[in-house]
Amino acid sequence: MSSETSALPDYLPEVSKGLTLMPEQASAMAGRIDTLYIALVVICGLLTVVVFALIAVLGYRYRANSRANRESQSSEHTHRRVELGVLAIMLVIFMGLFGWASSLYLDMFRGPSAAMTINVIGKQWMWKVQHPDGTREINTIHVPVDETINLRVTSQDVIHSFYLPAFRLKRDVLPGSYREVWFTADNPGVYRLFCAEYCGSYHAQMRGKIVVMEQADYQQWLTRQGESEAPAVSGAQLFQSYGCSGCHMGKTGIQAPSLAGVFGRAVPLAGGATMIADEAYLHDSIVQPQKHVVAGFDPIMPSYSGQISEGEILQIIAYIKSLEPLDWKTNPSQNPTQGEAQP
Amino acid sequence: MSVATDPRWPREHYLSEGFRLRDWLLTTDHKRIAWLYLASITAFFFLGGTAALLIRLELITPPGDLVSADTYNQLFSLHGIVMVWFFLIPSIPATLGNFLIPMMVGARDLAFPRLNLLSWYIYTLGGLFTLAAVIGGGVDTGWTFYTPYSTMFSNSAVIAAAAGVFIVGFSSILTGLNFIVTTHKMRAPGLSWFRLPLFVWANYATSLIMVLATPVLSSVLMLIVVERLLGIGIFDPALGGDPLLFQHLFWFYSHPAVYIMILPGMGVVSEIIACFSRKPVFGYHGMVISIMSIAVFGFIVWGHHMFVAGQSIYAGIMFSFFTFLVALPSAIKTFNWTATLYKGRITFTAPMIYALSFVGLFTIGGLTGIILASIAIDVHVHDTYFVTAHFHYIMVGGMVTGYLGGLHFWWPKMTGRMYSELWSKVAALALFIGFNLTFFPQFILGYLGMPRRYHEYPVDFQVLNVMSSLGAGVLAIGYLLPLFYLFWSLRFGPAAGGNPWRAKGLEWWTDSPPTKHNFHRIPRVTESAYAYDPTAE
């Protein structure tokens with residue numbers, strides 16, 4: 001893994017594009033957003049022109065020394081009818097725009113199932129990327145074209161915002177939680193990556209690029225990266241070195257719940273609730289172990305907050321996901337001395 | 001002709017009631033307190049403006065070469081904090097509102113004159129304290145103080161700055177209370193609610209927001225201090241807190257605060273357009289309903305600042321829906337101002353040019369707000385220059401233009417003097433042109449994807465940035481000119497007389513400058529507001 005200190009000004013070659021009025025489109029979604037945007041610009045532009053034209057025409061026609069007819073001023077009753085008419089027209093326009101924009105928004109967030117998940121960690125002031133096979137990059141993301149890619153973004157420190165203008169895609173990246181972002185690039189090329197949420201001194205240098213490659217090129221690129229250790233393998237080592245295995249593994253299983261096969265399963269919590277053990281749950285259980293205590297266990301696990309990096313947490317999660325349920329069969333609810341946990 | 005020999009110059013007026021420093025610093029006269037505020041906010045405005053100018057100078061070239069990244073971050077933080085809390089929020093209410101509301105309702109002063117003076121002291125001391133913290137301590141969080149950056153990663157001057165903003169909040173609350181009570185209890189005989197000028201309605205609605213929303217800001221700033229000093233996890237996830245909670249609480253205040261910053265401007269513009277069209281405002285009742293519904297709906301749209309922040313997508317859609325609704329009353333108001341011109345008798349004085357600029361710029365600001373409310377678009381342009389341009393169209397194109405229009409409109413009332421007609425029109429036009437040149441290119445920059453708060457940027461954004469910086473130069477001229485000719489008028493301006501614009505409000509019934517207690521006799525109101533007749537010459 002490369003050094004974490006390098007966030008120097010000239011770190012990246014500029015992704016240079018000429019002056020245009022619209023940014024380039026790298027996905028079908030970008031095209032759909034632009035269509036809505038252009039419709040909005042046309043509607044709002046027309047309304048603006050109407051207001052400016054009315055001011056100009058009325059201002060000229062009814063200037064103080066003009067002889068325009070000023071008799072028969074309209075009544076308050078007429079005013080109300082005109083206002084209601086304007087209100088009705090604007091309401092119809094606005095509701096149409098609202099419906100269009102909202103349905104597009106839902107499509108942006110609820111995407112198709114993804115071919116692969118890439119982990120992205122924001123950190124003052126760089127983007128760290130982990131590919132499913134263990135390949136790592138900084139400030140650059142290589143992805144294949146025409147594949148639905150899922151990004152799981154999180155932050156090591158403050159709030160950042162993961163922004164790919166060419167994909168019209170942005171998510172705030174919050175410490176302590178995972179956000180999923182999907183996209184399908186349909187055009188090979190190099191596109192910008194910005195941090196869009198102010199995050200401290202070198203916020204403006206927290207930039208990078210996303211490289212969209214043809215499938216074959218992408219496979220070549222992957223092989224050129226050499227054999228990386230799979231995240232689950234690195235995770236297994238971290239599981240040992242951070243001392244997780246002392247309590248969570250082995251036959252004793254009394255102090256701590258076994259983690260074999262826990263991923264994706266419903267976990268009974270102290271207090272009676274249950275929770276699906278997903279990535280967010282596992283993340284919380286490492287940095288805030290008191291948040292969701294498994295039924296039947298004492299909250300004795302210390303927090304790893306501040307002692308473990310977000311990248312390492314992701315590797316440990318990859319390791320936990322890889323564990324088969326049969327490896328260490330220890331069910332805390334079978335222990336007669338503990339509470340009444342329900343499976 | 002010197003004013004001394006002008007028969008229209010009153011022999012006794014509030015400005016001649018003592019010239020010592022203590023006659024100003026210990027005054028309870030709402031008119032003198034308005035001047036105290038005017039002096040304070042003008043100083044803050046030019047301080048914040050200087051920061052803006054340095055920001056625009058830095059952005060002329062793509063690399064960060066004029067100032068360091070940290071200095072740049074401190075500059076935009078200073079600009080935002082000063083302009084929002086020490087200029088925009090007090091601007092019209094504390095100066096023009098303070099001066100005019102008692103006169104417009106036919107009262108001798110505000111309901112609580114000493115509280116009014118206290119508000120100014122709280123404001124000024126809180127302002128200086130914050131300034132010392134922000135400049136001395138190098139606060140670099142932006143005006144939004146987002147956690148966990150502000151609580152755990154930024155330097156500790158944030159505590160002092162937050163404490164300063166907390167203090168200034170009380171000034172808003174007290175001013176708001178004063179206006180509410182005055183409007184309810186001190187209206188002259190015959191001045192029913194629906195005879196009130198829209199300026200009073202607008203400030204009344206603003207006051208309600210100040211009283212209801214400011215305590216939320218105070219609480220959230222206290223929570224920041226608690227988290228930093230005591231390490232109790234409220235917003236920082238490392239301590240078990242939730243960073244989004246801060247954004248919810250912050251915008252619960254700061255979105256209504258946007259309406260604190262625009263409603264008074266709407267009030268000013270209604271007065272000016274009616275006066276210089278010689279016509280009653282089109283749809284007076286509709287205007288009142290719009291003002292009040294903006295104040296109410298303004299409280300339920302805060303989530304539109306957080307469309308990509310991680311709130312539930314369904315919450316996002318609801319907030320988008322309410323945002324479209326809150327735009328409706330603004331649309332009605334814009335239509336009504338324009339319709340007021342119809343069959344009017346229009347003169348293009350400097351205040352009128354400002355007022356019409358307001359209508360145009362507010363229209364662009366409001367409609368780009370519709371683009372932002374369209375939630376799918378916001379995902380792309382959130383935290384880019386598109387947003388920066390949009391809110392400057394409202395805050396500067398709207399409120400600052402309205403404020404300057406109001407200042408020009410009531411300057412003869414406040415000082416008893418007229419200013420240069422030519423130069424004032426030049427300044428008003430410079431503002432309109434400079435403003436558009438500064439901020440229109442930023443819409444394009446934003447859609448192209450340039451994020452806000454960037455100290456350096458890719459080269460292909462340069463052309464638009466240079467245009468914007470040039471515009472800022474023109475805009476600066478538009479702001480500096482009034483400083484000169486208004487000061488000049490204080491000494492050399494001809495006497496204005498009680499009602500130079502032949503305007504209708506109660507404030508024009510008395511001398512200019514007004515007597516110490518505003519009216520020689522309390523007026524009795526027999527007609528509705530804006531009883532202008534466009535058919536008369």
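Computed over chain A with a Gaussian network model linking Cα atoms closer than 10 Å, the most mobile of A:Gln130, A:Gln73, A:Gln237 is A:Gln73. The angle between the Cα long axis of helix B:462-492 and the longest principal axis of the Cα atoms of chain B comes to about 30 degrees, rounded to the nearest 10.
A convex hull fitted around the alpha carbon atoms of the protein assembly as shown yields 169 Å³ per residue.
Among A:Leu47, A:Leu84, a tally of other beta-carbon atoms within 10 Å of each Cβ gives an order, fewest to most, of A:Leu84, A:Leu47.
Among B:162-173, A:225-236, B:397-408, sorting by the average number of other beta carbon atoms lying within 10 angstrom of each residue, highest first, gives B:397-408, B:162-173, A:225-236. Using the alpha-carbon positions of the stretch B:88-233, Rg (one decimal) and Dmax (whole number) come out as 18.0, 59 Å.
With axes computed from alpha carbons, what is the tilt in degrees of helix A:28-61 against the longest principal axis of chain A, rounded to the nearest 10 within 0 to 90? With rounding to tens, the tilt is 30 degrees.
Between A:Leu106, A:Leu174, A:Leu269, the GNM of chain A built on Cα springs shorter than 10 angstrom shows A:Leu106 fluctuating the most. To test your reading of the geometry: what angle, between 0 and 90 degrees and rounded to tens, separates the Cα axis of helix B:284-297 from the longest principal axis of chain B? So the inclination is approximately 30 degrees.
GNM on chain A, alpha-carbon springs under 10 angstrom: the most fluctuating residue among A:Arg136, A:Arg168, A:Arg61 is A:Arg61.
Any chance you could tell me what percent of the C-alpha pair distances in the stretch A:231-331 go past 17 Å? Within the stretch A:231-331, distances greater than 17 Å cover 48 percent of Cα pairs. Extending 7 Å from Cα along the Cβ direction at B:Leu128 and again at B:Thr61 yields two label points whose distance is 3.9 nm.
Principal semi-axes of the equivalent ellipsoid, √(5λ) from the alpha carbon gyration tensor of the stretch B:178-283, are 41, 15, 8 Å from largest down. Stretched out straight at 0.36 nm per residue, the stretch from B:Ser528 to B:Arg22 would grow longer than its current Cα-Cα span by 178.1 nm.
Legend: distances between Cα atoms for A:Lys123/A:Lys291; A:Lys209/A:Lys321; A:Lys291/A:Lys321; A:Lys123/A:Lys209; B:Lys279/B:Lys425; pairs beyond 27 Å are A:Lys209/A:Lys321.
How high is the FRET efficiency from A:Asp298 to A:Leu106, r the C-beta distance, R0 41 Å, rounded to 0.05? So the FRET efficiency works out to roughly 0.45. To the nearest whole percent, what portion of all C-alpha pairs in the stretch A:116-224 is separated by more than 25 angstrom? Here the tail beyond 25 Å accounts for 15 percent of pairs. The peptide list B:187-197, B:95-105, put in order of mean Cβ contacts within 10 Å with the highest first, becomes B:95-105, B:187-197. Residues A:Ile300, B:Ile260, B:Ile159, ranked from the fewest to the most other C-beta atoms within 10 Å, line up as A:Ile300, B:Ile159, B:Ile260. Straight Cα distances below 21 angstrom link B:Lys185 to the lysines B:Lys31, B:Lys516, with same-chain residues fewer than 8 positions distant left out. Enclosing the Cα atoms of chain B in their convex hull gives a volume equal to 141 cubic angstrom per residue. Listed by Cβ neighbour count within 10 Å, with the fewest neighbours leading, B:Lys425, A:Lys170, A:Lys291 appear as A:Lys291, B:Lys425, A:Lys170.
Coordinate-derived values only; no laboratory data. Fair warning: this is a prediction, and the values are worked out from it, not measured in the lab. Because the Cβ atoms are built from the backbone with ideal geometry, glycine has one as well, and the counts that use them run over all protein chains shown.
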